[in-house]
Amino acid sequence: MTFHPISDSVWPTIMRVQAACYPDLEPEDLSVLQSKWQYSPDSCFVVKDASQQVQGYLLAHPWQGDNTPKLNERLPERKSEQITGEYLYLHDLAIAPSARSTGVASQLVQQLCEQACAQGYQEVRLTAVQNAQGFWRRFGFKALAETAVCTAYGDDAQLMVLCLSSLKGAS
């Protein structure tokens, strides 16, 4: 498996993977997902197998404050080359059904954490959906119980945080 920047040609596959992964949520529009990529292309990537088929993707972008980005809402267009944020927000990680239990998710999370550290971020945050809190805890994410989450994410949604300093100490 190899990591690749997202390109225009992989969006149809990303949309198919998204639809397969989120049966409890309405899929986000293509323009919404692309806005995450356009806002922060360095923290968005796909993983491909030996035959160059997309097996998963990850979309993350700088964010600040306690209010999570709303589901199915475009990010604003970049106003400058310097994008600031308190932390990287992992908007979406999805793995094709055929690639589940192969370690692809771990590789994508590790790649994002390395990218976040290289960019000087101290935290990665995400909203766990579809009862995925246990999945994210495996990577060191912890719940931020006092923070409200946009209701569109579902009743079970939970904001979670990974302090990157804890990873540096473990390596």
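The values are calculated or read from the model by the stated rules, or taken from the named source; none is laboratory data. In this text, all values refer to a predicted model and were calculated from it rather than measured experimentally. A quick note on method: Cβ atoms are made from the backbone with ideal geometry, for glycine too, and the neighbour counts reach across all protein chains shown.
Some notes on this structure:
- Residue within segment 39-46 that is farther than 20 Å from Arg125 by Cβ, buried (at least 16 other Cβ atoms within 10 Å of the Cβ), at pLDDT 90 or above and under 13 Å from the mean Cα position of the chain (by Cα) present: yes
- Filtered residues of segment 114-136 (kept if assigned to a helix (DSSP H, G or I), more than 18 Å from Leu159 (Cβ to Cβ) and not aliphatic (A, V, I, L, M)): Glu114, Gln115, Cys117
- Test for Leu90: is it modelled with pLDDT under 85, crowded, with 19+ Cβ neighbours inside 10 Å and out of contact with any Ser or Thr (no Cβ under 6 Å at 6 or more places or on another chain): no
- Complete set of residues in segment 133-147 that are under 24 Å from Ser40 (Cβ atoms) and surrounded by fewer than 17 Cβ atoms within 10 Å (Cβ to Cβ): Phe135, Lys142, Leu144, Thr147
- Criterion violated by Leu167 - all others in (1) in a helix (DSSP H, G or I); (2) modelled with pLDDT of 90 or more satisfied: (2)
- Once segment 153-163 is narrowed to residues that are crowded, with 16+ Cβ neighbours inside 10 Å and hydrophobic (A, V, I, L, M, F, W, C), the residue that is nearest to Glu26 (Cα to Cα) is Ala157.
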